[in-house]
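Before any comments, here is the structure.
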Amino acid sequence: MTTLYPWLSELWQEWQTSLQNGRFSNAAMLTAKPGLGAEQIVEHFSRAVMCSNYDHEACGFCHSCQLMQSGSHPDYHIVQPEKEGKAISVDQIRQCNRQAQESSQLGGLRLFVIEPADSMNESAANALLKTLEEPSGSCMFLLVTHRSNGLLPTITSRCQQWQVTPPNSVMVTQWISEQTSRSVPEYAAHLNSNAPLNTLQFVEQDKEQEYLKVEQSLIQVVELSGDSLSLAKALANNPHETLLWLWYLLTDAQKVHFSVSMPFFVPGAKRLSELVSYDILYQQTKALSALIDQLRQHSGLNSELLILDWLFRFNGETCS
């Protein structure tokens with residue numbers, strides 16, 4: 001079995017203790033942001049609870065462990081969307097509910113992993129709710145999600161809550177340096193919400209230079225020495241990532257206004273704080289958050305034009 005990432009070890013120890021003491025609920029929810037490798041702890045958990053000889057970890061040798069390794073354990077079920085981007089349907093959950101009422105084929109636990117749980121449509125969630133209200137003692141549900149607020153409150157209230165906490169930027173930087181043998185600035189982790197796997201990808205794809213170019217271009221636009229149209233085009237090529245980078249730049253610059261300085265702040269935060277008042281930074285950050293949400297929810301929008309309008313507002317203009 002794969003060795004756990006270091007930032008997952010503490011949570012796994014908590015899970016082991018809860019399992020051994022009989023405190024792990026038959027309905028549990030794990031919330032973890034992308035890039036934290038939550039699939040590792042889900043795999044560890046699944047193999048451990050299905051193991052016939054469970055003691056801290058899956059033994060790896062019993063019949064149940066062999067079936068888990070081959071992906072053919074009859075009492076282990078993963079419920080996922082049938083196609084990427086689609087919802088988990090009510091028919092999938094009804095099938096899951098029927099299986100939950102059946103007897104275990106190997107005489108042990110039956111485990112249902114629903115992932116991502118927030119992709120259940122309302123009908124599916126309501127169907128699952130009935131089973132969670134009266135869970136079988138020999139049946140466990142683990143709901144895995146990036147955002148627990150995407151689920152019905154009635155679902156979350158019936159689940160034991162667990163969360164993968166992102167490591168700090170120092171730990172992420174150290175881990176990535178060990179993986180790559182490269183010197184990594186702390187702000188690389190900061191730009192990726194301290195998600196180690198996303199930060200590793202950021203470093204391996206040499207996005208640091210891309211970020212620095214975006215940062216410098218924005219500062220030049222604010223100084224009225226840069227080209228807003230060129231920057232808008234560049235940002236529109238990958239708005240979900242580049243606009244988030246700028247969100248971190250703006251929020252760091254706001255903190256600098258209050259004499260806050262942290263080693264993981266992005267390099268341009270101080271300069272931007274010198275050029276832009278706190279009030280404008282606050283308004284632009286708020287507008288940027290709204291723009292990010294707008295582009296995420298509506299894929300057909302003219303992102304370049306919307307970004308250009310946002311850039312113009314730094315200097316009290318609009319593109320209308």
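The values are calculated or read from the model by the stated rules, or taken from the named source; none is laboratory data. Keep in mind it's a predicted model, so treat the numbers as computed, not measured. For neighbour counting, all protein chains shown are included, and Cβ atoms are generated from backbone atoms with ideal geometry for every residue, glycine included.
The helices (runs of 4 or more DSSP H) found entirely in the stretch 19-109 that carry 2 or more residues being farther than 26 Å from Ser148 by Cα are 63-70. Of Val214, Val266, Val221, which residue is in the same structural domain as Leu311 (by TED's automatic domain parsing), buried (at least 17 other Cβ atoms within 10 Å of the Cβ) and not in a helix (DSSP H, G or I)? Answer to the selection: Val266. For beta carbons closer than 8 Å, sequence separation of 6+ or different chains, a first residue in the stretch 285-296 that is in contact (Cβ under 8 Å) with a residue 40 or more places away in the chain and in the same structural domain as Leu235 (by TED's automatic domain parsing) and a second that is outside any helix (DSSP H, G or I) and of a type in the set (A, V, I, L, M, F, W, C), the qualifying pairs are Leu295/Leu301.
To keep it simple, each residue is scored yes or no on (1) of a type in the set (S, T, N, Q); (2) surrounded by fewer than 16 Cβ atoms within 10 Å (Cβ to Cβ); (3) closer than 19 Å to Leu295 by Cβ; (4) modelled with pLDDT of 95 or more.
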site: Leu200; (1), (2), (3), (4): no, no, no, yes
site: Glu241; (1), (2), (3), (4): no, no, yes, yes
site: Trp247; (1), (2), (3), (4): no, no, yes, yes
site: Arg271; (1), (2), (3), (4): no, no, no, yes
site: Ser277; (1), (2), (3), (4): yes, yes, no, yes
site: Leu281; (1), (2), (3), (4): no, no, no, yes
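Considering the stretch 189-238, and only residues there that are of a type in the set (Ser, Thr, Tyr) and in contact (Cβ under 8 Å) with a residue 24 or more places away in the chain, the residue that is farthest from Ser299 (Cα to Cα) turns out to be Thr199.
Does the stretch 110-148 hold any residues that are farther than 21 Å from Pro74 by Cβ, in contact with a helix residue (DSSP H, G or I) (Cβ under 9 Å, 6 or more places away or on another chain) and assigned to a loop (DSSP other than H, G, I, E, B), and which are they? Within the stretch 110-148, Pro116, Asn121, His146, Arg147 qualify.
For the criterion of being in the same structural domain as Gly150 (by TED's automatic domain parsing), more than 16 Å from Leu128 (Cβ to Cβ) and more than 22 Å from the chain's Cα centre (by Cα), Ser52 passes.
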